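Input: a single structure, listed below in structure tokens.
Read the figures in this text as sums done on the coordinates, not as results from a lab. These numbers were taken from a predicted model, which means no experiment stands behind them.
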Amino acid sequence: MASVLEIYKGNKYVKLVIILRLLGYLVIPFKPLEGILLSMFLDCVDWWILSWGGIPKRMYHVLDKPLDYIQYLVMLIPLFHTPIFPAYALLLLWRTIGLIIYTKKHSNKIFALFPNVAELLALIYLISEKFNLNINVLDFKILFLLLVIKVIQEFWLHYFSRGVTYQWIYNLRKILSQK
């Protein structure tokens, strides 16, 4: 399958998403919590931008997943000297296996078996540290809760929602551009 960049290299919406997402990652090493929250926000809105830009949903993940992975790698920098680093690295490895399988099978449903617990672990840890909440994110019960939350989210994203909103925005853009 050709990359989104090869197919849509002239599309200003693809360029905008790439630039915004990469700029968001630059914040992470200096302000980890704020950078991760910004990156997560941009990850939430990028599909709105791409659908408005006419990028079909099937191509969205071809662009989104590599950008997500860059974020996870950048997150290694501020987490390196924290007590959660080994757990984050192990969970990232698990997600990486899922990403490799996804690139071979081209089925985003695989992510329900390889949920992104690493990002949520880092987020909860950084929030706990910033606000002195004293949450031990490495406690088995907390890790299990994070896993349950992410599995539910992945099932929702890849099995139940079926990109309804993405398709709605994509169709709205087509209708509006006909006028």
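Nearest 10 degrees, 0 to 90: what angle lies between the long axis of helix 57-79 and the longest principal axis of the chain (Cα atoms)?
The answer is roughly 30 degrees.
Over 18 Å between C-alpha atoms is what I'm after, so list which of LYS31/LYS141; LYS31/LYS130; LYS57/LYS105 land there. Can you show the working numbers first?
Numbers: LYS31/LYS141 28 Å; LYS31/LYS130 11 Å; LYS57/LYS105 16 Å.
Check vs 18 Å cut-off fails for LYS31/LYS141.
With everything on Cα atoms, drop me the angle between helix 85-105 and the longest principal axis of the chain, reported from 0 to 90° to the nearest 10.
Orientation of helix 85-105: about 30 degrees from the principal axis.
For n ≥ 4 DSSP H runs only, could you compute -39500 (n - 2.57) per run for the chain, divide by its residues and tell me the 222 nm figure to the nearest 500?
Working: 8 runs with 129 residues, N = 179.
The helix-only estimate for the chain comes to -24000 deg cm²/dmol at 222 nm.
Taking the chain as the reference, fit the longest principal axis to its C-alpha atoms, fit the long axis of helix 32-52 to the helix C-alpha atoms, and give the angle between the two in degrees, 0 to 90, nearest 10.
Orientation of helix 32-52: about 20 degrees from the principal axis.
Quick check on the chain: what does the Kirkwood estimate of hydrodynamic radius come out to from the alpha carbon pairs, in Å?
Values: mean 1/r = 0.0578 Å⁻¹.
17.3 Å is the Kirkwood radius here.
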